[in-house]
There are 2 protein chains.
Amino acid sequence: MSLAGATQDEVRRHNLAALARFLHDHGSTSRSELVSHTGLNRSTVGGLIADLVSSGLVRETEPVGRGVGRPSYGVEPVRERAYVLAIDLRVDRAIVALVGFGGDVLHRREHAFRKGQQREDRIVRETVQVCHEALAAAPQHSVLVGVGVGVPGLVRQPDGLVRFAPNLGWVDVPLGDLVADALGLSVPVVIGNDSDLGAVAERQRGSAVGASNVIYLSGQVGVGGGIVIDGRLLMGAQGYGGEIGHMRVNPRGRGCRCGAIGCWETEIGEPAVALSAGSPEGTSVAQIIEAAAAGDKDARKGLRTVGGWLGVGVANLVNIFNPDVIVFGGSLREILPATRDAVDAAVEGALAAPAEHVVLALPALGDDSTLLGAAESAFAALLDDPMGVVAGGVHRESRGLADVVSGR
Amino acid sequence: MSLAGATQDEVRRHNLAALARFLHDHGSTSRSELVSHTGLNRSTVGGLIADLVSSGLVRETEPVGRGVGRPSYGVEPVRERAYVLAIDLRVDRAIVALVGFGGDVLHRREHAFRKGQQREDRIVRETVQVCHEALAAAPQHSVLVGVGVGVPGLVRQPDGLVRFAPNLGWVDVPLGDLVADALGLSVPVVIGNDSDLGAVAERQRGSAVGASNVIYLSGQVGVGGGIVIDGRLLMGAQGYGGEIGHMRVNPRGRGCRCGAIGCWETEIGEPAVALSAGSPEGTSVAQIIEAAAAGDKDARKGLRTVGGWLGVGVANLVNIFNPDVIVFGGSLREILPATRDAVDAAVEGALAAPAEHVVLALPALGDDSTLLGAAESAFAALLDDPMGVVAGGVHRESRGLADVVSGR
């Protein structure tokens with residue numbers, strides 16, 4: 001943010017936002033750290049903290065350390081003061097959480113959809129029902145500041161229309177409006193691609209903290225990619241970028257739900273693992289990995305096949321993006337360790353300069369990367385204007401994911 | 001550039017740079033346009049123009065238009081006042097040009113390398129010889145302000161070490177130092193990947209003006225990609241991003257110079273066209289297209305095969321990047337029109353939302369996209385500080401391509 005010509009109020013709001021963001025990301029912090037992080041002087045930081053304390057968003061903590069001179073009191077986020085509703089909408093279930101300021105999960109519940117029941121009205125109705133149950137468990141006097149939803153599909157920004165979600169069978173579903181109307185809340189609703197949100201969360205609190213070039217792979221029935229380049233999410237011209245699951249790698253491969261042949265996700269998505277092992281449809285990835293560990297030849301052969309294709313796509317991503325870190329999320333959390341040799345060999349076959357640099361990682365946030373990324377997208381309004389929002393200034397509005405997560 | 005806290009001198013330099021950049025990009029311009037473009041008042045613009053006129057970089061032109069009130073004198077860049085040396089280094093030849101302020105090519109020459117003579121010392125020696133011949137043709141009293149070089153390989157920034165150029169057979173060649181030493185000039189030398197420079201030039205003066213998400217494909221023996229996302233070149237963690245020629249698309253395909261099997265460039269690079277048509281090695285793309293047009297069945301079948309693979313890769317790029325424009329440069333300038341049906345069909349098979357949006361284009365700069373992109377990279381020092389540079393303030397220094405072309 002350029003502060004040329006900013007008024008004193010704007011400067012103060014900007015500084016409050018910077019402090020709130022830092023405390024949300026880092027938790028308990030000493031005043032000295034805040035002084036050194038913000039570059040502001042001690043008394044300005046003191047005044048800003050007093051504002052945040054009066055809003056109830058942060059509280060002072062006992063002095064940390066015992067240095068010479070005045071003790072430095074710390075501050076920490078009050079997680080019960082403000083919270084968001086986060087939804088990870090998958091093909092087979094919805095995961096719903098309340099996440100408090102500072103990033104702690106306050107409440108979490110899952111709901112499995114009945115197989116073949118992916119019509120948007122039913123999905124939204126059932127999901128919103130779970131949301132209401134979750135909201136009933138919210139801390140008293142806490143302020144809901146936003147709703148974030150991750151979905152495995154192409155999402156138009158800023159209105160959250162799902163243009164295409166092949167594995168849900170959705171085309172042009174106005175998910176942002178549907179969720180906002182069904183919830184009946186007056187806070188912003190941000191809809192994001194599941195993998196984009198996974199990348200956001202892993203960069204903020206997970207395996208890719210500090211990395212500027214990150215790819216988060218989300219394996220479910222399909223495979224999505226959240227791609228961060230030089231610190232910014234790859235959105236593309238209209239927000240549909242990152243569909244690496246539909247990179248065609250096998251011209252003699254299987255038909256994909258998108259209509260093409262040989263897309264990467266047809267070789268490494270959940271159903272592909274059972275198919276490659278010759279196991280009955282519906283056999284889980286975990287079952288096949290277990291069978292392979294117990295010596296089952298078909299399972300081992302299937303995993304070798306899947307690992308080979310996983311490696312081909314990963315090597316392509318290394319060549320195309322020269323990333324610092326690739327995070328393997330969703331079902332790929334299980335598949336990567338079971339096929340690691342094949343994947344490593346394929347990466348070694350990529351161009352040496354980027355291959356030597358890249359780190360392959362599992363998500364530090366486990367199965368919750370998308371859920372927590374959805375939470376982060378919903379916190380944006382609060383973090384932009386902490387005092388205004390807790391004073392009741394949140395309004396339902398459309399915000400684009402790119403604006404929300406890169407703070408533009 | 002944030003101007004908070006900037007001194008008056010810094011503001012003036014910033015404004016001079018903005019005017020020089022605008023005139024360099026747009027040529028002859030009226031004062032009124034400069035006033036409206038810069039947002040500065042008329043007398044400030046007048047003072048800045050007077051400075052640029054005194055430096056010799058711009059001259060006043062006759063009034064354009066006959067509106068009411070005072071006539072608006074125009075200004076235009078003086079192309080003979082300052083120039084750069086641009087080099088497009090290919091596998092089979094070097095193209096060298098002097099390009100004047102404002103972007104006009106003042107002088108251009110080509111030099112073919114003898115086949116199999118790609119040792120870096122010989123290539124550099126022969127290329128520098130051509131450069132000296134070109135420099136002898138420079139306008140009198142003109143100031144050389146920089147050297148830009150495009151090369152088909154992975155280039156480390158900012159020092160211009162070529163980490164890997166498979167089709168030249170180069171590994172870790174310090175091209176920036178070699179060229180600077182051999183030329184013996186005291187101006188900055190910028191080395192860039194050929195496709196990155198092609199993308200820069202086509203966005204600035206070619207088929208992708210005004211587009212924020214652009215892919216420039218450079219077809220030679222290999223295939224490179226210059227990728228612009230949201231207005232910025234995709235560099236990746238270390239500057240090696242964009243190697244889409246090494247996207248593996250055909251697991252049963254040919255061996256690639258990079259060591260892998262089935263890379264995209266083995267199916268659509270220049271040698272692949274002859275191979276697919278069953279023609280003798282060395283048959284040119286133009287010859288095969290001519291034969292196909294004359295009804296030769298093998299040539300037609302070969303082009304169908306190449307077109308199919310070209311389409312697969314282009315569809316992948318559409319799904320991965322959601323670009324506004326893809327520009328087909330180098331040998332792909334000939335291949336795209338000859339295989340257009342197959343490529344269009346493949347793009348229609350990509351995800352609908354990005355596929356409906358993308359435009360496939362030929363380079364408006366013809367065969368010179370990389371050459372002119374190299375020139376632009378070399379103009380950066382002048383455009384940052386026009387008065388300082390023409391006064392003799394250019395020093396040999398290392399500048400990274402990303403800094404140079406995105407003005408960071």
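The values are calculated or read from the model by the stated rules, or taken from the named source; none is laboratory data. From a predicted model like this one, the values you see are computed outputs, not experimental measurements. Glycine also receives a Cβ, built like all others from the backbone with ideal geometry; neighbour counts cover every protein chain displayed.
With (1) in contact (Cβ under 8 Å) with a residue 24 or more places away in the chain; (2) assigned to a loop (DSSP other than H, G, I, E, B); (3) of a type outside the set (A, V, I, L, M); (4) closer than 22 Å to B:Gly330 by Cα as the list, and B:Pro139 as the residue in question, which single condition is left unmet?
It is condition (4) that B:Pro139 fails.
Would you check if there is a residue in segment A:109-129 being in contact with a helix residue (DSSP H, G or I) (Cβ under 8 Å, 6 or more places away or on another chain), within 14 Å of chain B (Cβ to nearest Cβ) and assigned to a strand (DSSP E or B)?
No, segment A:109-129 contains no residue that is in contact with a helix residue (DSSP H, G or I) (Cβ under 8 Å, 6 or more places away or on another chain), within 14 Å of chain B (Cβ to nearest Cβ) and assigned to a strand (DSSP E or B).
Given (1) out of contact with any strand residue (DSSP E or B) (no Cβ under 6 Å at 6 or more places or on another chain); (2) more than 14 Å from chain B (Cβ to nearest Cβ), where does A:Gly269 come up short, assuming only one miss?
For A:Gly269, the failing item is (1).
Quick check on segment B:188-210. Is at least one of its residues in contact with a Phe, Trp or Tyr (Cβ under 6 Å, 6 or more places away or on another chain), under 24 Å from B:Gly245 (Cβ atoms) and part of a strand (DSSP E or B)?
No, there is no match, as no residue in segment B:188-210 is in contact with a Phe, Trp or Tyr (Cβ under 6 Å, 6 or more places away or on another chain), under 24 Å from B:Gly245 (Cβ atoms) and part of a strand (DSSP E or B).
Have a look at B:Thr266, B:Thr283 and point out the one that is over 30 Å from A:Phe164 (Cβ atoms), free of Cβ contacts under 8 Å to residues at least 24 places away in the same chain and crowded, with 24+ Cβ neighbours inside 10 Å.
Within the list B:Thr266, B:Thr283, the selection yields B:Thr266.
If I filter segment A:289-306 for residues that are within 14 Å of chain B (Cβ to nearest Cβ), farther than 18 Å from A:Val91 by Cα, β-branched (Val, Ile, Thr) and touching a strand residue (DSSP E or B) at 6+ places or on another chain (Cβ under 7 Å), do I get at least one hit?
For segment A:289-306, residues within 14 Å of chain B (Cβ to nearest Cβ), farther than 18 Å from A:Val91 by Cα, β-branched (Val, Ile, Thr) and touching a strand residue (DSSP E or B) at 6+ places or on another chain (Cβ under 7 Å): absent.
What are the residue pairs meeting all of these: first residue in segment B:309-323, first residue within 7 Å of chain A (Cβ to nearest Cβ), second residue of a type in the set (Phe, Trp, Tyr) and part of a helix (DSSP H, G or I), Cβ atoms under 9 Å, and 6 or more apart or on different chains?
B:Val312/B:Trp264; B:Asn316/B:Trp264
Name the residues in segment B:380-406 that are in a loop (DSSP other than H, G, I, E, B) and at pLDDT 80 or above, would you?
The answer is B:Asp385, and nothing else.
Restricting attention to segment A:352-397, report how many residues are within 14 Å of chain B (Cβ to nearest Cβ) and farther than 24 Å from A:Gly329 by Cα.
Adding up the residues that qualify gives 2.
Between A:Gly224, A:Gly231, A:Gly282, A:Gly239, which is in contact with a helix residue (DSSP H, G or I) (Cβ under 6 Å, 6 or more places away or on another chain) and outside the structural domain of A:Leu135 (by TED's automatic domain parsing)?
The conditions single out A:Gly224.
Between a residue in segment A:107-134 that is under 30 Å from A:Glu80 (Cα atoms) and any residue that is among the aromatic types (Phe, Trp, Tyr) and surrounded by 17 or more Cβ atoms within 10 Å (Cβ to Cβ), which pairs come within a Cβ distance under 8 Å, given they are 6 or more apart or on different chains?
A:Ile123/A:Phe113; A:Glu126/A:Phe113
Just to verify a result, which residue in segment A:211-242, among those that are of a type outside the set (A, V, I, L, M, F, W, C) and within 16 Å of A:Leu332 (Cα to Cα), is farthest from the chain's Cα centre (by Cα)?
A:Gly222
Test each condition in (1) within 14 Å of another protein chain (Cβ to nearest Cβ); (2) modelled with pLDDT under 95 for A:Glu281 and report the one that comes out false.
Tallying (1) within 14 Å of another protein chain (Cβ to nearest Cβ); (2) modelled with pLDDT under 95, A:Glu281 fails exactly one: (1).
Of everything in segment B:193-224, what is among the β-branched types (Val, Ile, Thr) and over 20 Å from B:Pro166 (Cβ atoms)? Give them in sequence order.
Once the filter is applied, which keeps residues that are among the β-branched types (Val, Ile, Thr) and over 20 Å from B:Pro166 (Cβ atoms), segment B:193-224 yields B:Val200, B:Val209, B:Val214, B:Ile215.
Just one of the numbered conditions (1) farther than 24 Å from B:Leu233 by Cβ; (2) more than 9 Å from chain B (Cβ to nearest Cβ) is not true of A:Asn193; which one?
Exception for A:Asn193: condition (1).
Considering segment A:87-106 alone, what residues qualify as being surrounded by fewer than 19 Cβ atoms within 10 Å (Cβ to Cβ) and part of a strand (DSSP E or B)?
Passing the criteria: A:Arg93, A:Val105, A:Leu106.
Suppose the filter is over 26 Å from A:Leu234 (Cα atoms), touching a residue at least 40 places away in the same chain (Cβ under 8 Å), in contact with a helix residue (DSSP H, G or I) (Cβ under 6 Å, 6 or more places away or on another chain) and among the aliphatic types (A, V, I, L, M); does A:Ala182 pass it?
Yes; evaluated as a whole, the condition is true for this residue.
Would you pick out the residues in segment A:21-65 that are farther than 23 Å from A:Gly100 by Cα and either surrounded by 16 or more Cβ atoms within 10 Å (Cβ to Cβ) or of a type in the set (Ser, Thr, Tyr) (or both)?
A:Ser32, A:Val35, A:Ser36, A:Thr38, A:Leu40, A:Ser43, A:Thr44, A:Val45, A:Val64
Among residues belonging to segment B:220-261 that are more than 9 Å from chain A (Cβ to nearest Cβ) and within 20 Å of B:Val200 (Cβ to Cβ), point out the one that is surrounded by the fewest Cβ atoms within 10 Å (Cβ to Cβ).
Looking at the filtered set, the residue picked out is B:Gly231.
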